[in-house]
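**Student:** Have a look at the structure that comes next, please.
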Amino acid sequence: MATVATHAAHSRLKFNRLGLWLFLVTEVFMFGGFLVMRFHLWGNTRPDLDQTLGFIVTLILLSSSFFMNRAEMAIAHDDRKNFLVGLLITGVLGVLFLVGVVGFEWRGHVRPTDGVYGAVLYGMTGMHALHVLSGIIFIFVILLNGLKGRYSSADHWGVEFCAIYWHFVDVVWVFFYPALYLIGTVAHV
Amino acid sequence: MTTLLTPQKKKAAAFRRGVMTFLILTVLTVVELWVSSATAGSPALLFIIALAKAGLILWYFMHVASLWSEEGH
(Lines give C-alpha, C1' and ligand atoms only; values in the text may rest on other atoms or scores of the structure.)
Protein backbone atom coordinates (compact mmCIF):
# COMPACT_ATOMS: atom_id res chain seq x y z
CA MET A 1 0.00 0.00 0.00
CA ALA A 2 2.82 2.35 0.93
CA THR A 3 4.54 1.52 -2.38
CA VAL A 4 1.43 2.51 -4.33
CA ALA A 5 1.23 5.81 -2.43
CA THR A 6 4.92 6.50 -3.04
CA HIS A 7 4.55 5.73 -6.73
CA ALA A 8 1.56 8.09 -6.96
CA ALA A 9 3.56 10.85 -5.25
CA HIS A 10 6.46 10.38 -7.68
CA SER A 11 4.10 10.48 -10.68
CA ARG A 12 2.53 13.67 -9.34
CA LEU A 13 5.97 15.23 -8.91
CA LYS A 14 6.91 14.37 -12.51
CA PHE A 15 3.68 15.89 -13.84
CA ASN A 16 4.16 18.97 -11.67
CA ARG A 17 7.65 19.43 -13.11
CA LEU A 18 6.37 18.88 -16.65
CA GLY A 19 3.69 21.55 -16.13
CA LEU A 20 6.21 24.01 -14.74
CA TRP A 21 8.68 23.51 -17.59
CA LEU A 22 5.93 23.80 -20.21
CA PHE A 23 4.98 27.11 -18.61
CA LEU A 24 8.61 28.22 -18.76
CA VAL A 25 8.74 27.32 -22.48
CA THR A 26 5.89 29.77 -23.11
CA GLU A 27 7.86 32.40 -21.18
CA VAL A 28 10.93 31.71 -23.35
CA PHE A 29 8.86 32.56 -26.43
CA MET A 30 7.76 35.85 -24.89
CA PHE A 31 11.20 36.95 -23.66
CA GLY A 32 12.75 35.66 -26.89
CA GLY A 33 10.38 37.98 -28.73
CA PHE A 34 11.69 40.91 -26.69
CA LEU A 35 15.28 40.00 -27.63
CA VAL A 36 14.37 39.79 -31.32
CA MET A 37 12.68 43.18 -31.01
CA ARG A 38 15.82 44.66 -29.41
CA PHE A 39 18.14 43.45 -32.21
CA HIS A 40 15.66 44.46 -34.92
CA LEU A 41 15.15 47.99 -33.59
CA TRP A 42 18.54 48.80 -32.06
CA GLY A 43 20.78 46.80 -34.41
CA ASN A 44 24.41 47.05 -33.28
CA THR A 45 23.79 50.09 -31.08
CA ARG A 46 22.61 50.67 -27.51
CA PRO A 47 21.69 53.64 -25.34
CA ASP A 48 24.29 55.07 -22.96
CA LEU A 49 23.18 53.31 -19.77
CA ASP A 50 24.90 53.34 -16.37
CA GLN A 51 27.41 50.45 -16.70
CA THR A 52 28.16 50.32 -12.97
CA LEU A 53 24.48 50.04 -12.10
CA GLY A 54 23.93 47.32 -14.74
CA PHE A 55 26.88 45.32 -13.39
CA ILE A 56 25.75 45.69 -9.76
CA VAL A 57 22.13 44.65 -10.37
CA THR A 58 23.39 41.66 -12.39
CA LEU A 59 25.62 40.56 -9.50
CA ILE A 60 22.71 41.06 -7.08
CA LEU A 61 20.47 38.78 -9.15
CA LEU A 62 23.21 36.13 -9.51
CA SER A 63 23.75 36.26 -5.74
CA SER A 64 20.02 35.82 -5.16
CA SER A 65 20.10 32.68 -7.33
CA PHE A 66 22.98 31.37 -5.23
CA PHE A 67 21.04 31.89 -1.99
CA MET A 68 17.90 30.38 -3.52
CA ASN A 69 19.91 27.29 -4.46
CA ARG A 70 21.28 27.18 -0.91
CA ALA A 71 17.76 27.38 0.53
CA GLU A 72 16.53 24.59 -1.75
CA MET A 73 19.49 22.34 -0.93
CA ALA A 74 18.95 23.05 2.78
CA ILE A 75 15.29 21.98 2.82
CA ALA A 76 16.19 18.92 0.72
CA HIS A 77 18.36 17.91 3.69
CA ASP A 78 15.86 19.01 6.39
CA ASP A 79 18.06 21.97 7.37
CA ARG A 80 15.24 24.36 8.26
CA LYS A 81 17.39 27.22 9.54
CA ASN A 82 19.53 27.53 6.39
CA PHE A 83 16.39 27.13 4.28
CA LEU A 84 14.62 30.07 5.93
CA VAL A 85 17.72 32.28 6.02
CA GLY A 86 18.54 31.53 2.37
CA LEU A 87 15.00 32.28 1.27
CA LEU A 88 14.90 35.55 3.22
CA ILE A 89 18.21 36.72 1.71
CA THR A 90 16.95 35.78 -1.77
CA GLY A 91 13.81 37.88 -1.27
CA VAL A 92 15.80 40.88 0.01
CA LEU A 93 18.24 40.66 -2.93
CA GLY A 94 15.25 40.50 -5.29
CA VAL A 95 13.92 43.72 -3.77
CA LEU A 96 17.37 45.35 -4.17
CA PHE A 97 17.43 44.33 -7.84
CA LEU A 98 14.01 45.95 -8.34
CA VAL A 99 15.18 49.11 -6.59
CA GLY A 100 18.24 49.19 -8.85
CA VAL A 101 16.28 48.84 -12.08
CA VAL A 102 13.06 50.69 -11.32
CA GLY A 103 14.37 53.15 -8.73
CA PHE A 104 17.65 54.10 -10.44
CA GLU A 105 17.82 52.96 -14.08
CA TRP A 106 14.33 54.25 -14.82
CA ARG A 107 15.39 57.64 -13.45
CA GLY A 108 18.29 57.84 -15.91
CA HIS A 109 18.38 60.04 -18.96
CA VAL A 110 16.53 57.57 -21.26
CA ARG A 111 12.78 58.16 -21.05
CA PRO A 112 9.99 55.82 -22.26
CA THR A 113 9.15 58.40 -24.91
CA ASP A 114 12.68 58.41 -26.41
CA GLY A 115 11.73 56.54 -29.58
CA VAL A 116 12.84 52.94 -30.07
CA TYR A 117 15.52 53.20 -27.36
CA GLY A 118 13.03 54.18 -24.68
CA ALA A 119 10.37 51.74 -25.87
CA VAL A 120 12.70 48.72 -25.96
CA LEU A 121 14.51 49.57 -22.72
CA TYR A 122 11.32 50.09 -20.71
CA GLY A 123 9.51 47.19 -22.40
CA MET A 124 12.28 44.69 -21.61
CA THR A 125 13.18 45.90 -18.12
CA GLY A 126 9.49 46.42 -17.27
CA MET A 127 8.40 42.91 -18.23
CA HIS A 128 11.41 41.42 -16.46
CA ALA A 129 10.78 43.54 -13.35
CA LEU A 130 7.17 42.30 -13.30
CA HIS A 131 8.47 38.73 -13.19
CA VAL A 132 10.96 39.63 -10.44
CA LEU A 133 8.10 41.20 -8.46
CA SER A 134 5.92 38.09 -8.82
CA GLY A 135 8.95 35.98 -7.83
CA ILE A 136 9.47 38.06 -4.69
CA ILE A 137 5.81 37.63 -3.71
CA PHE A 138 6.17 33.88 -4.36
CA ILE A 139 9.33 33.75 -2.20
CA PHE A 140 7.62 35.46 0.73
CA VAL A 141 4.62 33.09 0.46
CA ILE A 142 7.03 30.13 0.57
CA LEU A 143 8.86 31.78 3.48
CA LEU A 144 5.61 32.10 5.44
CA ASN A 145 4.76 28.45 4.72
CA GLY A 146 8.29 27.51 5.73
CA LEU A 147 7.91 29.33 9.05
CA LYS A 148 4.80 27.20 9.64
CA GLY A 149 6.91 24.09 9.01
CA ARG A 150 5.09 22.97 5.87
CA TYR A 151 8.16 21.69 4.01
CA SER A 152 10.47 18.74 4.55
CA SER A 153 13.06 16.79 2.58
CA ALA A 154 10.32 14.39 1.49
CA ASP A 155 7.81 17.06 0.46
CA HIS A 156 9.02 20.44 -0.80
CA TRP A 157 7.55 20.79 -4.28
CA GLY A 158 6.50 24.37 -3.52
CA VAL A 159 10.10 25.30 -2.74
CA GLU A 160 11.36 23.56 -5.89
CA PHE A 161 8.76 25.39 -8.02
CA CYS A 162 9.69 28.74 -6.50
CA ALA A 163 13.43 28.08 -6.92
CA ILE A 164 13.15 27.04 -10.58
CA TYR A 165 10.95 30.05 -11.36
CA TRP A 166 13.46 32.38 -9.66
CA HIS A 167 16.41 30.85 -11.52
CA PHE A 168 14.47 31.23 -14.76
CA VAL A 169 14.05 34.95 -14.08
CA ASP A 170 17.83 35.05 -13.56
CA VAL A 171 18.44 33.23 -16.87
CA VAL A 172 16.31 35.84 -18.66
CA TRP A 173 18.47 38.61 -17.17
CA VAL A 174 21.63 36.73 -18.24
CA PHE A 175 20.53 37.47 -21.83
CA PHE A 176 18.93 40.87 -21.19
CA TYR A 177 22.00 42.33 -19.46
CA PRO A 178 24.36 42.07 -22.46
CA ALA A 179 21.55 42.91 -24.88
CA LEU A 180 20.76 46.18 -23.06
CA TYR A 181 24.09 47.23 -21.55
CA LEU A 182 26.96 45.63 -23.46
CA ILE A 183 26.24 44.73 -27.08
CA GLY A 184 26.86 47.33 -29.78
CA THR A 185 28.22 50.86 -29.82
CA VAL A 186 26.68 53.68 -27.81
CA ALA A 187 24.06 55.74 -29.64
CA HIS A 188 23.45 59.10 -27.99
CA VAL A 189 19.72 59.31 -27.33
CA MET B 1 33.45 1.21 -6.81
CA THR B 2 30.66 3.42 -5.51
CA THR B 3 31.08 5.61 -2.46
CA LEU B 4 28.06 6.09 -0.22
CA LEU B 5 27.92 9.63 1.15
CA THR B 6 26.28 10.51 4.43
CA PRO B 7 23.45 13.11 4.26
CA GLN B 8 25.77 15.68 5.87
CA LYS B 9 28.45 15.11 3.24
CA LYS B 10 25.83 15.23 0.46
CA LYS B 11 24.59 18.57 1.77
CA ALA B 12 28.14 19.95 2.04
CA ALA B 13 28.86 18.80 -1.52
CA ALA B 14 25.65 20.48 -2.79
CA PHE B 15 26.58 23.73 -1.00
CA ARG B 16 30.12 23.59 -2.45
CA ARG B 17 28.70 23.06 -5.94
CA GLY B 18 26.49 26.13 -5.46
CA VAL B 19 29.49 28.26 -4.38
CA MET B 20 31.57 27.13 -7.37
CA THR B 21 28.72 27.82 -9.80
CA PHE B 22 28.21 31.30 -8.35
CA LEU B 23 31.94 32.10 -8.56
CA ILE B 24 32.14 30.99 -12.21
CA LEU B 25 29.02 33.05 -13.03
CA THR B 26 30.60 36.11 -11.39
CA VAL B 27 33.87 35.64 -13.30
CA LEU B 28 31.95 35.25 -16.58
CA THR B 29 30.05 38.48 -15.85
CA VAL B 30 33.34 40.33 -15.34
CA VAL B 31 34.64 38.79 -18.59
CA GLU B 32 31.46 40.04 -20.34
CA LEU B 33 32.16 43.56 -19.16
CA TRP B 34 35.77 43.34 -20.40
CA VAL B 35 34.74 41.85 -23.77
CA SER B 36 32.21 44.65 -24.21
CA SER B 37 34.85 47.35 -23.83
CA ALA B 38 37.62 45.47 -25.69
CA THR B 39 35.57 44.49 -28.75
CA ALA B 40 33.10 47.41 -28.95
CA GLY B 41 30.31 45.10 -27.82
CA SER B 42 30.79 42.08 -30.07
CA PRO B 43 27.34 40.40 -30.23
CA ALA B 44 28.75 36.94 -31.05
CA LEU B 45 31.22 36.79 -28.15
CA LEU B 46 28.78 38.24 -25.62
CA PHE B 47 26.04 35.87 -26.76
CA ILE B 48 28.36 32.87 -26.33
CA ILE B 49 29.24 33.97 -22.78
CA ALA B 50 25.53 34.48 -21.99
CA LEU B 51 24.82 30.96 -23.30
CA ALA B 52 27.54 29.54 -21.03
CA LYS B 53 26.09 31.39 -18.02
CA ALA B 54 22.55 30.24 -18.81
CA GLY B 55 23.82 26.66 -19.22
CA LEU B 56 25.45 26.74 -15.80
CA ILE B 57 22.26 28.02 -14.15
CA LEU B 58 20.11 25.47 -15.96
CA TRP B 59 22.41 22.58 -15.09
CA TYR B 60 23.42 23.33 -11.51
CA PHE B 61 20.64 25.57 -10.15
CA MET B 62 17.61 24.38 -12.15
CA HIS B 63 18.67 20.70 -12.07
CA VAL B 64 17.76 19.98 -15.70
CA ALA B 65 19.72 16.73 -15.53
CA SER B 66 17.49 15.31 -12.79
CA LEU B 67 14.22 16.54 -14.23
CA TRP B 68 12.76 13.05 -14.58
CA SER B 69 14.36 11.49 -11.53
CA GLU B 70 12.05 10.27 -8.81
CA GLU B 71 13.89 12.10 -6.06
CA GLY B 72 13.32 15.67 -5.05
CA HIS B 73 16.21 17.95 -6.04
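**Student:** Looking at the structure I just gave you, is A:Gly43 under 29 Å from A:Leu88 (Cα atoms) and over 16 Å from the mean Cα position of the chain (by Cα)? First the steps, then the outcome.
**Tutor:** Values: under 29 Å from A:Leu88 (Cα atoms): no; over 16 Å from the mean Cα position of the chain (by Cα): yes.
Against the criterion (under 29 Å from A:Leu88 (Cα atoms) and over 16 Å from the mean Cα position of the chain (by Cα)), A:Gly43 does not qualify.
A quick yes/no check of all residues on (1) without any contact (Cβ under 8 Å) to a residue 24 or more places away in the chain; (2) under 22 Å from B:Leu58 (Cβ atoms); (3) among the basic types (Lys, Arg):
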{"residue": "A:Gln51", "(1), (2), (3)": "no, no, no"}
{"residue": "A:Val57", "(1), (2), (3)": "no, yes, no"}
{"residue": "A:Leu84", "(1), (2), (3)": "no, no, no"}
{"residue": "A:Leu93", "(1), (2), (3)": "no, yes, no"}
{"residue": "A:Val110", "(1), (2), (3)": "no, no, no"}
{"residue": "A:Asp114", "(1), (2), (3)": "no, no, no"}
{"residue": "A:Met124", "(1), (2), (3)": "no, yes, no"}
{"residue": "A:Val141", "(1), (2), (3)": "yes, no, no"}
{"residue": "A:Gly146", "(1), (2), (3)": "no, no, no"}
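**Student:** Just checking, does the stretch A:148-158 include any residue being under 23 Å from A:Gly54 (Cα atoms), at pLDDT 95 or above and not in a loop (DSSP other than H, G, I, E, B)? Reasoning before the result, please.
**Tutor:** Keep residues of the stretch A:148-158 that are under 23 Å from A:Gly54 (Cα atoms), which gives none.
No - not one qualifying residue is present in the stretch A:148-158.
**Student:** Step by step: first the residues of the stretch B:49-58, then only those that are open to solvent by 10 Å² or more (accessible area, probe 1.4 Å) and either within 13 Å of A:Ser65 (Cα to Cα) or not in a helix (DSSP H, G or I) (or both), then the one that is nearest to the other protein chains (Cβ to nearest Cβ). Which residue is that? Walk me through it before giving the result.
**Tutor:** Of all residues in the stretch B:49-58, those open to solvent by 10 Å² or more (accessible area, probe 1.4 Å) come to B:49, B:51-52, B:55-56, B:58.
Checking the rest, the ones that are also either within 13 Å of A:Ser65 (Cα to Cα) or not in a helix (DSSP H, G or I) (or both) come to B:56, B:58.
Values: B:Leu56: 9, B:Leu58: 7 Å.
Taking the candidates together, the pick is B:Leu58.
Residue-by-condition table, conditions (1) in a loop (DSSP other than H, G, I, E, B); (2) more than 10 Å from chain A (Cβ to nearest Cβ); (3) open to solvent by 30 Å² or more (accessible area, probe 1.4 Å):
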{"position": "B:Leu5", "(1), (2), (3)": "yes, yes, yes"}
{"position": "B:Gln8", "(1), (2), (3)": "no, no, yes"}
{"position": "B:Gly18", "(1), (2), (3)": "no, no, no"}
{"position": "B:Leu23", "(1), (2), (3)": "no, no, yes"}
{"position": "B:Val27", "(1), (2), (3)": "no, yes, yes"}
{"position": "B:Val30", "(1), (2), (3)": "no, no, yes"}
{"position": "B:Ser37", "(1), (2), (3)": "no, no, yes"}
{"position": "B:Phe47", "(1), (2), (3)": "no, no, yes"}
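**Student:** Pick from A:Phe104, A:Phe97, A:Phe55: which is open to solvent by 20 Å² or more (accessible area, probe 1.4 Å), more than 10 Å from every other protein chain (Cβ to nearest Cβ), touching a Leu at 6+ places or on another chain (Cβ under 8 Å) and of a type outside the set (A, V, I, L, M)? Steps first, please.
**Tutor:** On the way: A:Phe97 fails: open to solvent by 20 Å² or more (accessible area, probe 1.4 Å); A:Phe55 fails: more than 10 Å from every other protein chain (Cβ to nearest Cβ).
From the options A:Phe104, A:Phe97, A:Phe55, the qualifying one is A:Phe104.
For (1) at pLDDT 95 or above; (2) within 9 Å of another protein chain (Cβ to nearest Cβ); (3) open to solvent by 10 Å² or more (accessible area, probe 1.4 Å), each residue gets a yes or a no:
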position: A:Asp114; (1), (2), (3): no, no, yes
position: A:Leu121; (1), (2), (3): yes, no, no
position: A:Thr125; (1), (2), (3): yes, no, no
position: A:Leu130; (1), (2), (3): yes, no, yes
position: A:Cys162; (1), (2), (3): yes, no, no
position: A:His167; (1), (2), (3): yes, yes, no
position: A:Tyr177; (1), (2), (3): yes, yes, no
position: A:Leu182; (1), (2), (3): yes, yes, no
position: A:Thr185; (1), (2), (3): no, yes, yes
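The values are calculated or read from the model by the stated rules, or taken from the named source; none is laboratory data. Computed from a prediction, not measured in an experiment: that's the story for all the values here. Backbone-built Cβ (ideal geometry, glycine too); neighbour counts: all protein chains shown. All accessible areas refer to the heavy atoms of the entire protein, side chains included, with ligands and DNA or RNA removed. Shrake-Rupley method; radii C 1.70, N 1.55, O 1.52, S 1.80 Å.
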